[in-house]
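Input: a single structure, listed below in structure tokens.
Read the figures in this text as sums done on the coordinates, not as results from a lab. Model, not experiment: these values are computed from the prediction. Don't worry about glycine lacking a Cβ; one is built from the backbone with ideal geometry, like all the others, and counts go over all protein chains shown.
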Amino acid sequence: MSAPAAVVEIAGLSTRFGRQVVHRDIDLVVFQGEVLTLVGGSGSGKTTLLRQMLGLERPAAGTVKVFGTDLARATASGLESIRSRWGMLFQGGALFSALSVFDNVALPLRELKRLDEGMVHDLVMLKLQMVGIEPKHAGKMPSELSGGMVKRIAFARAIALDPELLFLDEPTAGLDPDRSEGFVQMVISLRAALRMTVVMVTHDLDTLVSLSDRVAILAHSRLVSVATLDETVALDDPFVHDFFRGARGRRALLARGGAVPPGGT
Ligand SMILES: Nc1ncnc2c1ncn2[C@@H]1O[C@H](COP(=O)(O)OP(=O)(O)OP(=O)(O)O)[C@@H](O)[C@H]1O
Ligand SMILES: [Mg+2]
């Protein structure tokens with residue numbers, strides 16, 4: 001059996017904002033078809049690491065390759081073809097406030113694929129249906145929607161191009177438990193249909209436990225661990241203790257039927 005292909009390859013990455021060092025010498029490979037979840041305290045640099053993988057931040061040192069291309073060295077047309085292969089759900093689910101629901105989801109289709117409007121219409125309505133948004137909401141503006149709807153529509157936009165690689169930043173934050181579970185099921189079925197690779201940031205243990213193949217922990221500007229969920233749970237690390245060994249963590253792990261760490265609160 002050949003090894004799975006590397007979709008994202010990060011080597012020796014450092015990120016700085018002025019004098020603040022956010023990432024120091026980070027190495028990370030994301031393999032085709034896996035769900036890799038990035039965890040870490042608030043401000044530990046999770047979103048910034050996703051932004052590095054999207055070519056939205058510049059490395060102070062090191063390289064970020066996606067689909068084999070070094071983002072810092074890619075040509076404009078090279079970047080455009082990569083952008084058509086990934087989708088992103090930003091933290092907070094930001095929609096463009098001046099665009100309708102329909103136009104928000106249509107944006108990547110219009111920008112990156114040269115499709116006629118009839119095709120755009122069919123694809124937008126299909127994606128909205130996939131995330132459980134009724135057609136009657138398509139003409140609404142973001143300000144007329146609930147937070148949960150905004151999130152689902154932002155997700156529809158992220159999957160508009162049937163991406164091979166999907167970045168999700170806190171996809172279930174602010175959703176009620178039923179909606180979170182619905183979201184998890186949606187990602188599971190999409191993964192099966194599209195053979196997607198997913199890089200996700202989440203604080204939500206149920207989401208993490210249901211979806212993750214591997215978990216990467218960011219702390220003190222470094223990746224302190226990249227391991228399977230079971231291996232991660234077994235780590236003797238203060239972050240892991242706090243994150244997984246509380247009542248919610250134990251419940252999420254039990255529900256999955258996996259290992260439950262000893263002790264806890
Ligand atoms: N454009 C920027 N300019 C300056 N500092 C920034 C910028 N973007 C992020 N930072 C800083 O980098 C650090 C990491 O931020 P980041 O948003 O990546 O954290 P995070 O792990 O996603 O946090 P959270 O869990 O709260 O979303 C923070 O200290 C933040 O203030
Ligand atoms: Mg963040």
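Below 29 Å Cα-Cα, how many Lys pairs turn up in the chain? Only count pairs eight or more apart in sequence, or on different chains, if you could.
For the chain, qualifying lysine pairs total 15.
Is the shape of the chain rounded, prolate or oblate, going by the alpha carbon gyration tensor and its root eigenvalues a ≥ b ≥ c, with a/c under 1.5 for rounded and a/b larger than b/c for prolate?
oblate
Based on the alpha-carbon gyration tensor of segment 1-86 and its eigenvalue square roots a ≥ b ≥ c, which shape applies: rounded if a/c is under 1.5, prolate if not and a/b is larger than b/c, or oblate? Spell out each step's value before the answer.
On the way: a/c = 1.85, a/b = 1.27, b/c = 1.45.
In terms of gyration-tensor shape, oblate.
Tell me, what ³J(HN,Hα) does each residue in segment 204-218 have, in order and in whole Hz, if you take phi through Karplus 6.51 cos²θ - 1.76 cosθ + 1.60 with θ = phi - 60° and put x for Gly and Pro?
Each residue's phi maps through the Karplus curve to give 8, 5, 4, 5, 4, 5, 6, 10, 6, 8, 9, 10, 10, 10, 9 Hz.
If each DSSP helix of 4+ residues adds -39,500 (n - 2.57) and the sum is divided by the residues in the chain, what number results at 222 nm, nearest 500 deg cm²/dmol?
Only helices count here, giving -11000 deg cm²/dmol.
Could you work out how much longer the chain between R85 and M130 gets when fully extended? Use 0.36 nm per residue separation minus the Cα distance between them, nm to one decimal.
14.3 nm
Shape of segment 102-163 from its Cα gyration tensor (a ≥ b ≥ c, root eigenvalues): rounded if a/c is under 1.5, otherwise prolate when a/b > b/c, or oblate?
prolate
Multiplying the sequence separation of D230 and H121 by 0.36 nm and subtracting their Cα-Cα distance, what value in nm do you get?
34.9 nm
Among L115, A227, L254, whose Cα lies farthest out toward the positive end of the dipole of segment 108-265, if unit charges sit on the beta carbon of Lys, Arg (+1) and Asp, Glu (-1)?
Positive-end residue among those listed: L115.
Add +1 for every Lys or Arg and -1 for every Asp or Glu among the other residues with Cβ under 9 Å from the Cβ of F183, and state the total.
Result for the neighbourhood of F183: +2.
Take each of the peptides 9-16, 50-57, 115-122, average the number of other beta-carbon atoms within 10 Å over its residues, and list them starting from the highest.
Answer by packing, highest mean first, reads 50-57, 9-16, 115-122.
Based only on other Cβ atoms within 10 Å, what is the fewest-to-most ordering of L253, L49?
On the way: L253 21, L49 26.
Going from least to most buried by this count: L253, L49.
Step through the residues of segment 146-155 one at a time and calculate ³J(HN,Hα) from phi using the Karplus curve (6.51 cos²θ - 1.76 cosθ + 1.60, θ = phi - 60°), rounding each to whole Hz and writing x for Gly and Pro.
These are the phi-based 3J(HN,Hα) values: 6, x, x, 5, 4, 5, 5, 6, 4, 5 Hz.
Please list, ordered by chain and number, the residues whose modelled amide H lies under 5 Å from the amide H of V29; skip anything fewer than 5 residues away on the same chain.
Under 5 Å from the amide H of V29 lie the amide H atoms of I10, each far enough along the sequence or on another chain.
What whole-number distance in Å separates the alpha-carbon centres of segment 27-65 and segment 108-143?
The distance from the Cα centre of segment 27-65 to that of segment 108-143 comes to 29 Å.
Nearest-5 percent of antiparallel DSSP beta bridges in the chain?
Details: 21 of 39 bridges.
Given both bridge residues lie in the chain, the antiparallel proportion sits at roughly 55 percent.
Based on the Cβ-Cβ distance from A60 to E144, what FRET efficiency comes out when R0 is 45 Å, to the nearest 0.05?
0.60
In debye to the nearest 20, how big a dipole does the chain give about its Cα centre with +1 on each Lys and Arg Cβ and -1 on each Asp and Glu Cβ?
So the magnitude is around 360 debye.
Please identify the chymotrypsin sites (Phe, Trp or Tyr not before Pro) of segment 41-99 that satisfy two criteria: DSSP loop assignment and at most 14 other Cβ atoms within 10 Å. Which are they?
On the way: sites: F67, W86, F90, F96; in loops: F67, F90, F96.
Listed in order of number, the matching sites are F96.
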